[in-house]
Amino acid sequence: MSFDYDLFVIGGGSGGVRAARVAAGDTSATVALAEESRLGGTCVIRGCVPKKLMVFASTYSEAMREAQDYGWNVIPGGFSWPKFQTRLETELDRLEEIYGNLLDSSGVKVFDQRATLADPHTVQLADGTKITAKHILVATGGWPVLPDLPNADLGITSNEIFHLPELPKSILIVGGGYIACEFACILNGLGVKVCQYYRGAQILRGFDDEARGHIAEHMKRHGIDLHTGTNILEMEKRDGGIWVKSTTGTEMTFDQVMFATGRNPNTKGMGLEQLGIEIGRRGEIVVDDYSQTAVPSIYAIGDVTNRVQLTPVAIREGMAFVETVFKGNPTKPDHVLIPSAVFTQPEMGTIGLSEEEARDLEPIEIYCTSFRPMQQAFIGRDDRVLMKLVVSQQTRKVLGCHIVADHAGEMIQLAGVAIKMGATKEDFDRTVAVHPTISEELVTLKTPVRTA
Ligand code: NDP
């Protein structure tokens, strides 16, 4: 049977674009890709990239205060949101163009339209065109979900935050995950009065408890009005703002409410179930270890599979798919020991098991220190950093590393190499410190603070 293409990719985000261009570039496969919005997807257009640029913008307020204490004669002016936005849009246009050029130069045919599945080897574009392919890769990502609450549509999500015509004076952020905490810190740094509601006892559920507590303390000390054990009970438009009554009985009015209450896979209306593809509880495409669905010609990677919602993981899944299907080298994406960072202020860099997870599995030692870093201690700041290693008593392997400090994301990338290689505590100890740095503490932690 002959097909129009060897591979049709639905979704032009990080995972889909990488799979398409590697399949087309490294093998002789003919490849097409459909994207209904902008090339680059969540990461480039409405996620990691614009978010990180906003993180940079927001840190200058504190940097200017610190500069003054270091002796600089700095007179901070106001932050110009329109100026930042213009530059941001130019940058995103540039990146989108790069993605388009990469696909073009690899010989991938791009359709700027929504595509759905018509049968195991056929996609249908929004204009009705049907295209056949030997293999179909679904990489349609995820989308923010609003809670089931009357008037929830008065609120925005992280998708809209980059496009606000002006920065709000006050905002309520709902949620306690990556996005909620990152944007609470960003907007606080940009001068917005930030209140955050999280329904649980402590933000950043799933991360190491000590690290979570450290970040929450820091956020509160820097002016974020964080309410744990709290959710929205009622909300409505009132007095030119959004009036909110919380589950703890407080009533407040905000210029904006932002929901960061999770993201669901983009699978609605794709024709997946009709073909016999299994859909999970959160709407995710269920795949095997090789990203193959229940329909052998159809694979899925990235956030739409709800395995690990991280860009570099989607890219790895895309590459493993190409190895498996186009290079005759069956490859499972490796989901073990993934380093990651939460871009709060300060950042958290983390890899491996939390203390709580590890102690349920085996006897462990905890090495941990919290101290005022030199740069801030010099000017009398109380902010502290946290460096923590979770170590197996039996194998001596470092099972987890958790860092809360400026640039923790950069640090954990490198610590991650050692930990992925199976480094023991003694390997860390044998490494000479780089002095004076914050990260040198990772190799000078002498005595366990506790065992469990
Ligand atoms: P998360 O799943 O991390 O967090 C969702 C938050 O919303 C949780 O605190 C959750 O509470 C809360 N929540 C869920 N439903 C409700 C509700 N009905 N009412 C009130 N609160 C609710 O999702 P995010 O949207 O923050 O991020 C999505 C994914 O994107 C992350 O999992 C992450 O993988 C990825 N991401 C990664 C980043 C990075 O690497 N730096 C940055 C941003 C996103 P509870 O804890 O009780 O469930």
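Which one is farthest from Gly11 (Cα to Cα), of the residues in segment 112-123 that are assigned to a strand (DSSP E or B) and in contact (Cβ under 8 Å) with a residue 24 or more places away in the chain?
Across segment 112-123, the extreme among qualifying residues is Asp119.
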request  = Run Arg238 past the list (1) in contact with a strand residue (DSSP E or B) (Cβ under 6 Å, 6 or more places away or on another chain); (2) surrounded by fewer than 21 Cβ atoms within 10 Å (Cβ to Cβ); (3) touching a residue at least 12 places away in the same chain (Cβ under 8 Å) and report the number of the one that doesn't hold.
outcome  = (1)
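For segment 293-301, check the following and say yes or no: at least one residue is at pLDDT 95 or above, within 16 Å of the ligand (Cβ to nearest atom) and surrounded by 21 or more Cβ atoms within 10 Å (Cβ to Cβ).
Residues of segment 293-301 that are at pLDDT 95 or above, as a first pass: 293-301.
Keeping just the survivors that are within 16 Å of the ligand (Cβ to nearest atom) gives 301.
Cutting the leftovers down to surrounded by 21 or more Cβ atoms within 10 Å (Cβ to Cβ) gives us 301.
Yes.
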note = Checked pairs for segment 401-420, first more than 15 Å from the ligand (Cβ to nearest atom), second in a helix (DSSP H, G or I), C-beta under 7 Å and 6 or more apart or across chains, list as Cys401/Ile412; Cys401/Ala415; Cys401/Ile419; Ala415/Leu442; Ala418/Asp427
ask   = What pairs can you find where one residue is in segment 252-270 and closer than 30 Å to His121 by Cα and assigned to a loop (DSSP other than H, G, I, E, B), the other is among the aromatic types (Phe, Trp, Tyr) and within 12 Å of the ligand (Cβ to nearest atom), and their Cβ atoms are less than 6 Å apart, with a gap of 6+ or different chains?
value = Asn266/Trp143
ask   = Here are Lys169, Lys109: which of them is under 27 Å from the mean Cα position of the chain (by Cα) and either of a type in the set (Gly, Ala, Ser) or at pLDDT 95 or above (or both)?
value = Lys169
Residues (over 20 Å from Ile161 (Cα atoms) and in contact with a Cys (Cβ under 9 Å, 6 or more places away or on another chain)) located in segment 227-276 = His227, Met252
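Within segment 311-327, identify whether any single residue is of a type in the set (A, V, I, L, M, F, W, C) and either closer than 26 Å to Leu149 by Cα or part of a loop (DSSP other than H, G, I, E, B) (or both), and answer yes or no. Full working, then the answer.
The first filter runs over segment 311-327 and keeps only residues of a type in the set (A, V, I, L, M, F, W, C), leaving 313-315, 319-322, 325-326.
If we keep only those that are either closer than 26 Å to Leu149 by Cα or part of a loop (DSSP other than H, G, I, E, B) (or both) too, we end up with none.
No, the conditions are met nowhere in segment 311-327.
Looking only at segment 280-291, decide whether some residue is buried (at least 22 other Cβ atoms within 10 Å of the Cβ), out of contact with any Lys or Arg (no Cβ under 6 Å at 6 or more places or on another chain) and under 30 Å from Phe183 (Cβ atoms).
Filtering segment 280-291 down to residues buried (at least 22 other Cβ atoms within 10 Å of the Cβ) leaves 285, 287, 291.
From the residues that got through so far, the ones that are out of contact with any Lys or Arg (no Cβ under 6 Å at 6 or more places or on another chain) too are 285, 287, 291.
Imposing the further condition that a residue be under 30 Å from Phe183 (Cβ atoms) reduces the set to 285.
Taking every residue of segment 280-291 in turn, at least one turns out to be buried (at least 22 other Cβ atoms within 10 Å of the Cβ), out of contact with any Lys or Arg (no Cβ under 6 Å at 6 or more places or on another chain) and under 30 Å from Phe183 (Cβ atoms).
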ask   = Given Ala184, Ala211, Ala180, which one is under 17 Å from the mean Cα position of the chain (by Cα), in contact (Cβ under 8 Å) with a residue 24 or more places away in the chain and more than 10 Å from the ligand (Cβ to nearest atom)?
value = Ala184
inquiry  = I need the strands (runs of 3 or more DSSP E) fully contained in segment 340-452, keeping only those with at least 3 residues that are at pLDDT 95 or above and either more than 22 Å from Glu217 (Cα to Cα) or not hydroxyl-bearing (Ser, Thr, Tyr) (or both).
reply    = 347-352, 364-371, 385-392, 398-405
task = Take segment 62-71 and flag every residue that is part of a helix (DSSP H, G or I) and either over 25 Å from the mean Cα position of the chain (by Cα) or over 16 Å from Ile379 (Cα atoms) (or both).
result = Met64, Arg65, Glu66, Ala67, Gln68, Asp69
request  = Return the residue satisfying two criteria in turn: it lies in segment 155-186 and is in a loop (DSSP other than H, G, I, E, B) and among the aliphatic types (A, V, I, L, M), and of such residues it is surrounded by the most Cβ atoms within 10 Å (Cβ to Cβ).
outcome  = Leu167
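The values are calculated or read from the model by the stated rules, or taken from the named source; none is laboratory data. The shown structure was predicted, so the numbers you read here are calculated from the model rather than taken from an experiment. Positions of Cβ are generated from backbone atoms using ideal geometry, with glycine treated the same way; all protein chains shown enter the neighbour counts.
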